[in-house]
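The values are calculated or read from the model by the stated rules, or taken from the named source; none is laboratory data. From a predicted model like this one, the values you see are computed outputs, not experimental measurements. Every residue, glycine among them, receives a Cβ derived from its backbone with ideal geometry; neighbour counts consider all protein chains shown. Remember, those area values only see protein heavy atoms, side chains included, never the ligands or the DNA or RNA. Shrake-Rupley method; radii C 1.70, N 1.55, O 1.52, S 1.80 Å.
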Amino acid sequence: VLALALSQIVVVAFLLVAAALIVAFVARALLARKQPPQLPAEKPKEFPLSAPEVAAPAERVAREEKARGELSAAEAALQSARESLARDPSSAAAKAEVARYERELADARRKAEYEARKTAEATEKARKLAEAAAREEVEALARAEEAALAEAKLRAGEEARKKLVEQEKGRTLAEGLAKTRGGFMARLNALLGAEKQLDEAALGELEEILFSADVGVRTATSLLEAVRERLKRKELSDLSRVKAALREEIERILSLGQEHHSQAGHGGLPDLPPGTPPPQVVMVVGVNGTGKTTTIGKLASLLKQSGKSVILGAGDTFRAAAGEQLDVWAERAQAPMVRGKDGSDPGAVLFDAVTRAKKEKIDVVLCDTAGRLHTKTNLMEELKRLQRTLDKAHPGSPHEVLLVVDATTGQNAIQQARQFHEALGVTGFVLAKLDGTAKGGVIIGICDELKIPVRYVGVGEKIADLKAFDPHEFVEALFGEGI
Ligand SMILES: Nc1nc2c(ncn2[C@@H]2O[C@H](COP(=O)(O)OP(=O)(O)OP(=O)(O)O)[C@@H](O)[C@H]2O)c(=O)[nH]1
Ligand SMILES: [Mg+2]
């Protein structure tokens, strides 16, 4: 027994030394390595506080108890056989009896040991099963918690985005027109507000102001003509009356001779004519950088606010990152978007957008297009091709060819508008970047020369910075009334 114990001590000591060596080696290796980046500590999985109740199956326990009972019986039988032999040590029968019971006891002990081992194994198995079930339960709880957290985050994000859009009130039309009002309008107001004689000198000054107002020579001339005409008819007696006459004339030009150019009376996108099947397809065109993509984003938000559903088609596949730019606006306006790979056929993308709008019964499709091509293809030819593709996807479309012009380019905007109109038949236009320029008078020139209605004006880069165009409101803001 002593020898056995000694050999066990030696083995244990050997194992301890080996373990200490391994620990020292690992510690050295870790110290030699650079400090790894700190990862956020993972929350340890918590197990239920009380250990799960585990027990081997009852039948197994019963078998072990039976074996233990048999062992006790064998011990008792051997004991009594030994006592018989002690009373009669020479009895061969008693000796044989002792030998038999010794064998039986050895068998019973082996059996009891075997049964005890089996019960221990079964208990261990039950413990592992219970532990796995408990772990699964904890993990399921953690998963549910995570899902709830993600859901809450999503909702919080949505709320924040809604608030942001609400907060981003955007500029008013009057604010957007501040620079223009400070430009030619300030000079006009100074001239017309003075208590001066309405003489040739004053008319000469008026002419000079109108010619510098970016309304275009033709329009400036016709405005002046209108004033002279009224003078002749003795309708105008002093300069303040001239101001009212000019204001009236400009509003008439901006209204294209109609009371209101859309059913709503407040500009914006006209409704589809009765009997025209939806979706309403709007193709947004213009030279590069005028503000097409930005306008589409703002317009999507505006249309959605008026209760329409909108889808965006990323038809500018030529400029790298144009798709991503539109994607950002789609996200802000919470509108779906159809997009192809960079360099893919824009016709296919817009066809898909219209097809999806039809399938999902979406009210309006806003189609972005390129402002400049990298290939030798002529931009106008490419845009005409897109127009034909849209007509194939949804006969009669595009219902609106919306030309976006950049107000800061002044007279060039009129030139561009003419070119696009000749090629594509522009049905409405958006004057973007009005806030950044004193050349807002260009809007009068475009309306006068091309007789195309203004649908919207852009007065900033925020989502709320697009205003449906209303001639009356516009002239009021331009002349600084009601501010
Ligand atoms: N201040 C101001 N900036 C604007 C307005 N509209 C657009 N912009 C800015 O003008 C720049 C060009 O706008 P985009 O929408 O990318 O113009 P685009 O016509 O799509 O340009 P391309 O795709 O390159 O042809 C951006 O920096 C816009 O933020 C506006 O009404 N006011
Ligand atoms: Mg663009």
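Quick check on the chain: helices-only [θ] at 222 nm, where DSSP H runs of length 4 and up contribute -39,500 (n - 2.57) each and the sum goes over total residues. Nearest 500, please.
Rounded to the nearest 500, it is -20000 deg cm²/dmol.
The residues of segment 52-96 have, on average, 68 Å² of accessible surface per residue, using a 1.4 Å probe with all protein chains present.
Taken about its Cα centre, segment 314-464 carries a charge dipole of roughly 220 debye when the Cβ of each Lys and Arg holds +1 and the Cβ of each Asp and Glu holds -1. In segment 50-104, the portion of solvent-accessible area held by carbon and sulfur atoms comes to 53 percent [1.4 Å probe, whole percent, DNA, RNA and ligands not counted].
P(r) tail for segment 329-483: Cα pairs beyond 27 Å make up 31% of the total. Listed by chain and number, the aspartates and glutamates placed with their C-alpha closer than 17 angstrom to that of Lys163 are Glu331, Asp465; residues fewer than eight positions away on the same chain are left out.
Spatial offset of segment 431-483 relative to segment 325-403 amounts to 26 Å, using the alpha carbon center of each. Based on protein heavy atoms only, segment 197-344 ends up with 46 Å² per residue of surface accessible to a 1.4 Å probe. Compactness of segment 419-473 is given as radius of gyration and Dmax, 11.7, 32 Å, from Cα positions.
Electrostatic tally near Val426: other residues with Cβ closer than 12 Å to its Cβ, Lys and Arg +1, Asp and Glu -1, net +1. The trypsin sites (Lys or Arg not before Pro) of segment 392-483 that meet both conditions, a loop assignment by DSSP and at most 11 other Cβ atoms within 10 Å of the site Cβ, are Lys451. Return the tail of the calculated pair distribution for segment 61-109, meaning the percent of Cα-Cα pairs more than 15 Å apart. Cα-Cα pairs of segment 61-109 separated by over 15 Å account for 46 percent. Any lysines with Cα under 24 Å of the Lys232 Cα? List them, leaving off those in the same chain fewer than 8 positions away. Straight-line reach from Lys232, under 24 Å: Lys196, Lys243. Kirkwood analysis of the Cα pair distances in segment 120-216 returns a hydrodynamic radius of 20.9 Å. Mind checking the log10 I(q)/I(0) for the chain at q = 0.08, 0.13 Å⁻¹? Debye, one equal scatterer per Cα, no solvent, two decimals. Reported log10 I(q)/I(0), two decimals: -0.68, -1.19. Listed by chain and number, the lysines whose alpha-carbon sits under 22 Å from that of Lys118, ignoring those within fewer than 8 places in the same chain, are Lys66, Lys128. Size descriptors for segment 222-369 (Cα atoms only): Rg and Dmax, in that order, 21.2, 66 Å. So for the chain: antiparallel DSSP bridges make up what percent, rounded to the nearest 5? Percentage antiparallel, nearest 5: 10.
By its C-alpha gyration tensor, with a ≥ b ≥ c as the square roots of the eigenvalues, how is segment 69-182 shaped: rounded for a/c under 1.5, else prolate for a/b larger than b/c, else oblate? Don't jump to the answer; show the numbers that get you there.
Numbers: a/c = 14.44, a/b = 12.26, b/c = 1.18.
Prolate, since a/c reaches 1.5 and a/b exceeds b/c.
Roughly what % of Cα-Cα distances in segment 314-407 sit above 23 Å, to the whole percent? Roughly 21 percent, rounded to a whole number. Taking Cα atoms only, the orientation of helix 346-359 departs from the longest principal axis of the chain by about 80 degrees.
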